[in-house]
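Each remark here refers to the structure printed beneath this line.
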Amino acid sequence: MAKSKKGGFFSRSFSLPSSRVRKGQRIERNIEERQEEEEEIDEKELHDVLRTIKTLAVNAKKDFKKKKMYRYYCEEMIDRWIPDLKRLLRIRSREERRHREEADAQRENDRRETQRELRNFSKGYDNKRNRTDEVAALKNKHEDELVRQKKEHDDAMTALKREHQKEMDRLLAEKEKLLTRLSQTAGDKLRENNPNFSDLSDPYRPTKLSEMFSELYDNQWTDAMEILEADRQEKRAVETLLNILMKCFELCKESSESQLSSLRDACCGNVKNDKDNDLVKSAKKAKEMRREMATWTLNESRIYQALWEKLEESFGKDDVEKCKLYIQKCVQCCWFMCVQDPALQLTVWTIGTKMDGYNMKSFTKNGQYVDFSVWPALYLHKDGPLLSKGIVQGTNQATV
């Protein structure tokens, strides 16, 4: 009986799977084999497992009476080698198949979920791309219209700016013209009967004439002085040059007054029949004309010739010829002085006049009194403010 148990327990049918299986089991196994037919069995490993199981079975049979060894062989076979055999033979229990099916189902669900997400993403991407294409199409469709409208707008703005700038330039020019007229009118009213104010645009205004008068003394007077001192004493040379200057001023004053009278007659005609207001306007206009044509009078008229002849009569042809450049500059300065309204004034001092530091400055000697005048003082008008100091030789004697 024991032997029968041993033989039955460790029979070959227990060691290897029996070929006598149920039809359903065979079908199930065939299905599993078809599902995993791509996997191949490692025959060498299978034979090694079978050999090990057989060895364990033989050892267990021999040591059946030794409970510990028997138990060890059985546990070794059950826990290790039989599962390896199942693995190699693709034998799975129901629990394993269930877990495998659940894993497959989970993977299938994950795959479907991934595909669904991918489809959603692809759909969203396609929608976005379609919208982008629509925007690009609309942009291309209306791009020419936008360019045309922008060009029309720019042209309109440019034309408007040009028109505004033109209008602004016109208004500024008109404003400048009105301001100029206002300034001229105000200046005329301010300068009328008031010689203290002058037109700053006039190159021959009193302050400029004062500078010209000082340059005459520094340059031409000095040159003429060197020439005359060659044949006469210093005092006599100084007196000659001073007398020439004062004679030029006297002759220019007479000629300017004569010219003014002629201009007034030309403007007014018969003076007796004109009203007082018209006479004042005509006289003012005549003075303006005389001042405006002062340069022409010096350059084009015969005033130089007339003055030259009178100076030769007074000082002799020899001295006039020696002082030619000096006389030309004297005539120029004196003429512009005399055509001012009112005329500028030259003043010299007689011998014995007390020295006045405000109106005079010394020549080569200082003193309390005037010995002789060297250069006249220049005033804005008669009894007017001083423009340029006179130059005198000083002495401490009251009379000489």
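Using the structure shown, select from LYS253/LYS324; LYS324/LYS361; LYS247/LYS365; LYS253/LYS317; LYS285/LYS389; LYS247/LYS284 the pairs with a Cα to Cα distance greater than 29 angstrom.
Pairs exceeding 29 Å: LYS285/LYS389.
Nearest 0.05, what FRET efficiency do ASP223 and ALA159 give at R0 = 60 Å with Cβ-Cβ as r?
Step by step, r from the Cβ atoms, then E = 0.35.
Per the Debye formula with a single identical scatterer at each Cα and no solvent contribution, what log10 I(q)/I(0) holds for the stretch 274-400 at q = 0.09, 0.10, 0.12 Å⁻¹?
Summing over Cα pairs of the stretch 274-400 leads to -0.40, -0.48, -0.66.
Please list 3J(HN,Hα) in residue order for the stretch 98-115, calculated via the Karplus relation 6.51 cos²θ - 1.76 cosθ + 1.60 where θ = phi - 60°; whole Hz, with x for glycine and proline.
5, 4, 5, 5, 5, 5, 5, 4, 5, 5, 5, 5, 4, 5, 5, 5, 5, 5
Please identify the trypsin sites (Lys or Arg not before Pro) of the stretch 331-389 that satisfy two criteria: DSSP loop assignment and at most 11 other Cβ atoms within 10 Å. Which are they?
When the trypsin sites (Lys or Arg not before Pro) of the stretch 331-389 are filtered for loop state and at most 11 Cβ neighbours within 10 Å, LYS365, LYS382 remain.
Using θ = phi - 60° and the Karplus relation 6.51 cos²θ - 1.76 cosθ + 1.60, list the HN-Hα couplings for the stretch 156-173 in order, rounded to whole Hz, with x at every Gly or Pro.
5, 5, 5, 5, 5, 5, 5, 5, 5, 5, 5, 5, 5, 4, 5, 5, 5, 5
Quick one: dipole size for the stretch 278-400, taken about the Cα centre, charges +1 on Lys/Arg Cβ and -1 on Asp/Glu Cβ, in debye to the nearest 20.
Dipole size: approximately 320 debye.
Evaluate the distance, in nm, between pseudo-label points positioned 7 Å from the Cα of GLN149 and of ASN127 along their respective Cα→Cβ axes.
2.9
Contour minus end-to-end for GLU257 and MET289, with contour as 0.36 nm per residue of separation and end-to-end as the Cα-Cα distance?
Details: separation 32, 0.36 × 32 = 11.52 nm, distance 1.28 nm.
Once the chain is fully extended between GLU257 and MET289, it gains 10.2 nm.
How many angstrom lie between the C-alpha centres of the stretch 301-322 and the stretch 207-248?
After rounding, the separation between the Cα centres reads 16 Å.
Tell me the Rg and the Dmax, in Å, that the Cα atoms of the stretch 206-343 produce.
Cα-based Rg and Dmax for the stretch 206-343 come out at 17.6, 60 Å.
Coordinate-derived values only; no laboratory data. What you are looking at is a predicted structure, and each value in this text was computed from that prediction instead of being measured. Cβ coordinates were reconstructed from backbone atoms using ideal geometry, including for glycine residues, and neighbour counts include every protein chain displayed.
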